[in-house]
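Quick notes on the structure that follows.
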Amino acid sequence: MSQPAKAVNSNISQLCHYINGERVAGNSGRFGDIYNPSLGVKAAEVPLASQAEVEAAIAVAQEAFPAWAATSVLARSRIMTKFVHLLYEHQHELAELVCKEHGKVIEDAMGSVLRGIEVAEFACGAPHQQKGEFSDNVARGIDIYSMRKPLGVVAGITPFNFPAMIPLWMASMAIVTGNTVVLKPSEKDPSCPLRMAELFVEAGGPPGVFNVVNGDKEAVDALLNDERIKAVSFVGSTAIAQYVYATATANGKRCQAMGGAKNHMLILPDAGLEDVANALMGAAYGSAGERCMAISVGVCVGDEVADQLIDILKPRVESLRIGPSLDTGLEMGPLVTKEHREKVMNYIQMAQDEGSRLVVDGRDFVCAGHENGYFLGGSLLDRVKPEMQSYQEEIFGPVLQIMRVGSFDEGMALATDHPYGNGTSIFTRNGAAARTFADKVEVGMVGINVPIPVPLAFHSFGGWKSSAFGDYNQYGMEGLRFYTKVKTVTARWQETGLDAEFSMPVLK
Ligand code: NAD
């Protein structure tokens with residue numbers, strides 16, 4: 001692996017793009033800053049690609065497409081299998097890159113890399129999944145068969161919070177089905193996707209099939225407006241998801257655009273509150289709440305449930321084990337940037353100003369020895385009301401909001417009526433209530449006594465309402481469909497000749 005070059009006169013490493021199997025320095029003259037959130041220092045600079053640089057990467061991917069699409073699906077799958085082996089071999093290295101730029105603690109980062117690898121493992125099944133359909137002898141010597149063809153060059157645009165997993169959701173499914181990829185990862189933590197693209201080539205992937213271009217809005221717009229890009233997969237905040245979806249589809253591209261979230265856990269009076277508290281601690285504060293499937297709202301049916309739950313949660317939130325990402329045995333690391341930390345702190349203030357009760361205030365937390373890191377303690381808010389802005393919007397930090405409702409129906413309505421609809425969960429021992437909830441709630445992914453219901457690789461991931469735009473989910477068979485288009489052939493092979501037919505052919 002070639003090492004990133006050092007910027008002149010500084011200890012700051014300068015990252016690059018990865019195009020045609022090589023690390024390529026940026027030439028736009030524009031750079032973004034990358035921080036080590038545990039230390040609170042600038043650690044690297046990433047080049048922000050110009051439109052021309054993005055177009056050059058698309059040209060490379062376009063050139064690589066015909067040969068890759070013509071490579072047998074078995075051969076593509078074998079390369080994917082080798083890629084999976086290399087990802088496992090380098091899992092710790094990749095997780096460390098996640099820790100250093102994102103701030104997840106190492107065990108959590110390892111888990112996030114693994115969840116990405118699982119999608120690459122699923123993709124190895126493409127010879128089976130990409131099989132078409134065949135109908136024999138539908139009429140006098142006529143057969144019909146359909147094939148799933150790759151689309152061409154496809155773009156992936158990913159958020160900061162899962163720099164290994166989400167690029168793998170997209171790249172694995174796109175590549176194994178015969179497409180070539182230009183990935184534009186988050187400019188906050190691009191080192192992990194850069195390294196993964198390099199590992200793909202090490203696994204025998206042809207140069208030009210998996211390209212990584214770093215950048216910001218200019219790079220995204222170049223991808224959205226280039227007619228050679230046939231499909232765009234986006235994951236990020238809702239406002240940008242809407243923009244990407246509207247622009248890509250207006251330009252005739254297939255698009256799936258996943259947005260933000262506000263995930264409710266409905267807690268019924270019969271739930272075991274120790275289990276609920278355990279589930280909430282991990283789901284609300286794991287990864288410092290920077291997960292689109294984090295539980296950020298606990299909805300208690302009845303004041304008694306809420307009071308008891310808060311009694312259990314309060315000391316646990318106050319004593320969360322928080323520290324620098326690469327230390328082991330921690331529950332939470334820092335937030336990704338100083339700006340994001342400030343944004344979360346403002347939401348805590350807003351929630352308090354709006355009248356919710358701040359049971360635990362994480363804003364004063366200081367991490368000894370890492371005073372400049374972007375740390376926040378966990379915060380716990382009670383008596384949150386539906387009309388509050390801090391409830392309507394996504395906070396994306398280690399903040400759990402508790403709401404009190406009088407009934408199951410009222411609780412379910414909160415999740416259903418909220419503008420976001422990514423994930424939700426119910427904790428109860430009542431099977432009928434759980435079933436009704438799963439059936440009726442207007443949310444895309446539901447957990448029953450499971451706090452973060454992220455579906456495994458052989459199912460698919462996608463929210464509803466403002467959490468996702470487009471008709472296809474990520475990965476699983478939905479991912480395979482997103483990255484392929486159906487061609488159907490009607491073939492006639494028979495000994496006798498053809499008659500002229502002037503009316504619409506019908507079955508005879
Ligand atoms: P973001 O929307 O700021 O950035 C996502 C991507 O869009 C990045 O690659 C970024 O460079 C690009 N981008 C940013 N501003 C842009 C603009 N004006 N025009 C064009 N492109 C632009 O999101 P983020 O802060 O990196 O990630 C956190 C968000 O992602 C949260 O809202 C979280 O809920 C969401 N998320 C959703 C899912 C899901 O599957 N629903 C998964 C993970 C994260």
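The values are calculated or read from the model by the stated rules, or taken from the named source; none is laboratory data. Note that the structure is a prediction, hence the values are computed from the model and not measured. All Cβ positions, glycine included, derive from the backbone under ideal geometry; neighbour counts span all protein chains shown. Surface accessibility is based on the protein's heavy atoms, side chains included, excluding ligands, DNA and RNA. Shrake-Rupley method; radii C 1.70, N 1.55, O 1.52, S 1.80 Å.
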* To do: Find all pairs meeting these conditions: Cβ atoms under 6 angstrom apart; at least six residues apart or on different chains; first residue within the stretch 208-221 and closer than 17 Å to residue 163 by Cβ and of a type in the set (Asp, Glu); second residue within 11 Å of the ligand (Cβ to nearest atom) and open to solvent by 10 Å² or more (accessible area, probe 1.4 Å).
  => 216/48; 216/187
* Matching residues in the stretch 384-404 - criterion: being among the aliphatic types (A, V, I, L, M) and surrounded by fewer than 21 Cβ atoms within 10 Å (Cβ to Cβ) -> 388
* Structure fact -> Of those in the stretch 244-254 that are within 15 Å of residue 466 (Cα to Cα) and either in contact (Cβ under 8 Å) with a residue 12 or more places away in the chain or of a type in the set (Val, Ile, Thr) (or both), the residue nearest to the ligand (Cβ to nearest atom) is 244
* To do: Identify the residue in the stretch 79-104 that is over 18 Å from residue 166 (Cα atoms) and in contact (Cβ under 8 Å) with a residue 12 or more places away in the chain and, among all such residues, is surrounded by the most Cβ atoms within 10 Å (Cβ to Cβ).
  => 79
* Please indicate, with yes or no, whether at least one residue in the stretch 37-45 is over 21 Å from residue 99 (Cα atoms), modelled with pLDDT of 95 or more and not assigned by TED's automatic domain parsing to the domain that holds residue 372. => no
* To do: For residues that are of a type in the set (D, E, K, R) and open to solvent by 20 Å² or more (accessible area, probe 1.4 Å), scanning just the stretch 214-243, find the one that is nearest to the ligand (Cβ to nearest atom).
  => 217
* Tell me which of these residue 502 doesn't satisfy, since it passes every other one: (1) in a loop (DSSP other than H, G, I, E, B); (2) away from the ligand (no atom under 14 Å from the Cβ); (3) assigned by TED's automatic domain parsing to the domain that holds residue 292. => (3)
* Asked: For the stretch 450-462, does any single residue satisfy the condition of being within 20 Å of residue 416 (Cβ to Cβ), within 16 Å of the ligand (Cβ to nearest atom) and polar (S, T, N, Q)?
  -> no
* To do: Report whether or not residue 274 is of a type in the set (Asp, Glu), assigned to a helix (DSSP H, G or I), away from the ligand (no atom under 16 Å from the Cβ) and more than 20 Å from residue 446 (Cβ to Cβ).
  => yes
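Has the stretch 438-449 got any residue that is at pLDDT below 95, open to solvent by 10 Å² or more (accessible area, probe 1.4 Å) and either more than 12 Å from the ligand (Cβ to nearest atom) or closer than 22 Å to residue 393 by Cβ (or both)? So that I can check it myself, show each step before the final result.
The first filter runs over the stretch 438-449 and keeps only residues at pLDDT below 95, leaving none.
No - not one qualifying residue is present in the stretch 438-449.
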* Structure fact -> The condition from (1) under 25 Å from residue 241 (Cα atoms); (2) away from the ligand (no atom under 16 Å from the Cβ); (3) surrounded by fewer than 23 Cβ atoms within 10 Å (Cβ to Cβ) that residue 160 misses is numbered (2)
* To do: Could you identify the single residue in 421, 406, 397, 411 that is under 26 Å from residue 34 (Cβ atoms), small (Gly, Ala, Ser) and touching a residue at least 40 places away in the same chain (Cβ under 8 Å)?
  => 397
* To do: List the number of the failed condition for residue 333; all other conditions in (1) open to solvent by less than 10 Å² (accessible area, probe 1.4 Å); (2) more than 25 Å from the chain's Cα centre (by Cα) hold.
  => (2)
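What strands (runs of 3 or more DSSP E), lying completely within the stretch 1-107, carry at least 1 residues that are small (Gly, Ala, Ser)? Spell out the reasoning first.
On the way: elements: 17-19, 22-24, 31-36, 41-47.
Answer list for the stretch 1-107: 31-36, 41-47.
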* If we scan the stretch 126-133, do we find a residue that is in a strand (DSSP E or B), free of Cβ contacts under 8 Å to residues at least 24 places away in the same chain, surrounded by fewer than 24 Cβ atoms within 10 Å (Cβ to Cβ) and away from the ligand (no atom under 16 Å from the Cβ)? -> yes
